[in-house]
Every structure is written in structure tokens, then in C-alpha cells.
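One structure is given below, encoded as C-alpha cells.
The values are calculated or read from the model by the stated rules, or taken from the named source; none is laboratory data. Predicted, not measured: the structure shown is a model, and the values here were computed from it. A quick note on method: Cβ atoms are made from the backbone with ideal geometry, for glycine too, and the neighbour counts reach across all protein chains shown. These area figures cover heavy atoms from the full protein model, side chains too; ligands, DNA and RNA do not enter into them. Shrake-Rupley method; radii C 1.70, N 1.55, O 1.52, S 1.80 Å.
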Amino acid sequence: MKRKKSKAQQKHRNLNNYYNRLMQHAWQNENILSRFQQIELCLMRCESFAELIKVLLNECKTQFELEQVALILLDPHHEIQQQLHNYKFNYQNNFPNLFFHTNNQKLLQLFQNDLSPQLGPYNAALHADLFKQPASTVYSIALLPLTHDDQILGTFILGDSTPERFSEQSATDFLQHLSAVISISINMTISRDRLKHNSLNDALTGINNRRFFDQRLSEEISRCKRLQIPISCLFIDVDNFKHFNDTYGHASGDLVLKQVAGIIRNELRLSDIVGRYGGEEFAILLPDTDHRTAVEIAERIRVSIQKHRYKFDKHMLQVTVSIGIADSQKFADENRTLNEIGNILIAAADKALYKAKNAGRNCIAINE
Ligand SMILES: Nc1nc2c(ncn2[C@@H]2O[C@H](COP(=O)(O)OP(=O)(O)OP(=O)(O)O)[C@@H](O)[C@H]2O)c(=O)[nH]1
């Protein structure tokens, strides 16, 4: 009877232990799920690829309490890197564990034709170059494949200091799901950045377009008005460009426009705004620049363009520009809206440009 009772107690204890283990497991899973969901929400909310990188390489590391995380992306034509550069995102210094590969060899080698999460011990021979800093404290590793249309586009790497965290026996369903969400988020943010860039930039010259310029016009006027500082505007037009195109061909004309845009940009501060306003016409906003300084800048640009030689085929070509200058001081009347001031400023610079054309071209003119 006594033996029977202790057997029952033992069974009860075993059941209790089993139940506790199950509860602990369920609690752990719930905890993991909640962390995954939080990260997924952060990934989905990212407005740009730069933001996404921050979530992947900073938030994931903290949220999942990892030793190291890294991201490798396939970028055969350096387009993604160029895009980050366009948005002035300094990833080399801030995110050393972000890598770009020009071909998929290394990625395929890591996954060996099985595009599912690969979990296991850290293997220096295979994993040493996955992290920038030596990973002496990483003992287990999870490689998440990032794919698009069944093609590998990269991998997200999680490194942990405990050998058992990522093992071949671990369940991979959470990681599989995370892999898919990261892949979608990468594609979406990169496409969004590209669309945004294309809608605000001129494809030929690489500088901003008229839409961007018009958007910034009232913002800059508002800022300058608030700070009570002057703002000037330049309109630059290449002289006799039709004749140039007719003589040397459209391709040489394109080359000139690209280089003229580059020269203008080089003569300005980063805070100045340059836009390709029309075919061979460029508009510039010079915040915190009075009339006298605007005249000096315009003359500097005119001289630089005149001095430059454009190498095309066997020719060394030369062009000149005419520049119209206007400043806001005369129009910054309290009763005018920002749009009105912007329109008047643009019209004044345009009028000054025609004065310069009428004065014989290759010169600057001021709107009185
Ligand atoms: N190559 C090239 N030419 C362009 C582009 N956009 C506009 N143009 C040309 O720029 C020329 C502008 O000619 P016009 O407006 O007559 O002016 P212009 O010959 O420069 O004469 P002025 O402005 O009076 O000195 C036209 O022939 C356009 O075809 C472009 O993207 N590439």
C-alpha cells in the first residue's frame, strides 16, 4: 500500500515536472514570439533602407541579446551602395558588419543549395569573415537566407555566445518567418528609396530636378524669413546651346550638361540648392547670401564654366553661360505668402537672365 502510494507520488511529481517544463517552454516561446513580433513591426515601419539597416544591426542585436549580428547583401552593380551614398548614409563607419558582395558565390557556399535557415556551431574556417571584428565570443550561429523570387539576395547572420542557442535541433519556424519578413522589407525599402530618388533627381545630370527645387523654395524662404537672413536666387542658362547641339550632336550636348552641373555643384556650399530647371537651364538657391555675395558666386561660376574644356571625340569643346541674379530683400514683404515670394524671386531671376542674354551672353545680370 505504502509502495503504491509513493509510486503515485513519484508519478505525480514527474507529471508536475513535465507540466512545469511545458509551461516554461510555452512561456519562453511566448517571449520569443513577442520579441519577434516587435522586431517585425519595427521592420515593417521602416521608411527607408537606412532605417532598416539600423533596426537589423542595432535593434535585433539588443532585442535578441546577441553577441554579433551581420548583414551581407548582393550588390553586383553597386546600386544599393550608391543609393546609401545618395542619402548620405555613412554605413562604413557606423555599421562595420554590413557587407556588399558583387557575386553570389560566398552566399551559395554558406547555404549549399538549401535556402533555409542554417543553424550550428561557429566554424572559423567558414564564418571568420562574416563579422568585421574577430568573433572570439561567438559560439553558435544562425544564417538566415534573404531571397527574392527564389534567388538569394543576401544573408542576415545572428551570432550568440552560447553553443546551444542555435543548434541543428533548434526549431527554425520563427527564424524562417523572420527571414521572409526581412527579405520583403529590404526589397520594399530599397524600391521606395529608388522611387523617391528618381522623383526628385534629374537622370542625366544627377543633380536635383525642378520638383525638388520647387519643394525646397518655400521651405528655404520660410527659414530665411524666420531667421531674418537674406536669400538669393541664380538662373543659369547655357548660351547658344541649340547651335552647339546642331554642330557637335546631342550626345556632346548631354556631356556638357552633365559637366556644367558638376562645375556648378562644386562652386557651392552643401547647403545651397541646385536644380535642373529646364533643358539647359539650372536654378540655384543661396540661403543666407546677400546680393553682393550672390554676384561674386555667379561670376565665379560663369568663369569656371568658360574655362572648362569638354573632351568629346577628338574635340576640346567650350561653352559659356548667362546668369540672372535676384535676391529676396525687395520682395520679402510681411503680407506676402511664401509661395508668392518664391514665385516673385524666380520670375526676377528669370528676367535678369534675359537681361544677360540681351547684353550679349557670357555675362551676369541683376534684376533691379
Ligand atoms: N543635348 C541636350 N540638349 C538639350 C537637352 N535639353 C534641352 N536641350 C537643347 O537645348 C537647346 C536650347 O535651345 P534654345 O532654347 O533655343 O536656346 P539656346 O540655343 O541655348 O540660345 P540662348 O539660350 O538664347 O543662348 C535646344 O536645342 C534643346 O534641344 C538635353 O537634355 N540634352
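When the Cα centres of the range 1-63 and the range 137-186 are compared, how far apart do they sit, in Å?
18 Å
For ARG3 and ASP313, compute 0.36 nm times the residue count separating them, minus their Cα-Cα distance, and round to one decimal in nm.
Fully extending the segment from ARG3 to ASP313 adds 101.3 nm.
Once you've got the Cα coordinates, tell me which of LYS196/LYS225; LYS54/LYS132; LYS88/LYS196; LYS88/LYS307 are over 19 Å apart.
LYS196/LYS225; LYS88/LYS307
Which order do TYR122, TYR354, TYR310 take by accessible area at a 1.4 Å probe, largest first?
Highest to lowest solvent-accessible surface, that is TYR354, TYR122, TYR310.
Under the rule of at least 5 residues apart or a separate chain, name every residue whose amide H is placed under 5 Å from the amide H of HIS148.
Amide H neighbours of HIS148, under 5 Å, 5+ apart: LEU153.
Remind me, what semi-axes does the chain give for its equivalent ellipsoid, largest first in whole Å, using sqrt of 5 times each Cα gyration tensor eigenvalue?
Semi-axis lengths for the chain are 62, 25, 15 Å.
Given the whole protein assembly as supplied and a 1.4 Å probe, what does the accessible area of GLU340 come to in Å², nearest 10?
90 Å²
Remind me, relative contact order of the chain in percent, using alpha carbon pairs under 8 angstrom and six or more residues apart?
Relative contact order, the chain: 13 percent.
Using only Cα atoms, locate the centre of the range 294-323 and the centre of the range 69-114, then give the distance between them in Å, rounded to an integer.
39 Å
If you take the beta carbon distance between LEU126 and LYS258 as r and set R0 to 56 Å, what does 1/(1 + (r/R0)^6) give as a FRET efficiency, to the nearest 0.05?
E between LEU126 and LYS258, to the nearest 0.05, is 0.80.
Please list the non-local residues whose amide H lies under 5 Å from the amide H of ASP202, H modeled 1.01 Å from N, same-chain partners needing a gap of 5 or more.
ILE207, ASN208, ASN209
Give me the accessible area per residue for the range 208-366, probe 1.4 Å, as a whole number in Å².
Result: 50 Å² of accessible area for each residue.
Figure the gain on full extension for LYS88 and LEU41 (residue separation times 0.36 nm, minus the Cα-Cα span) and round it to one decimal in nm.
Extra length available between LYS88 and LEU41 comes to 14.4 nm.
How many nm separate the modelled label positions at ASN103 and HIS148, each set 7 Å beyond the Cα in the direction of the Cβ?
So the label points at ASN103 and HIS148 sit 2.1 nm apart.
Scaled to the compact-protein estimate 2.2 N^0.38 Å, what is the alpha-carbon radius of gyration of the range 2-199, rounded to two decimal places?
Cα-based Rg divided by the globular estimate yields 1.25.
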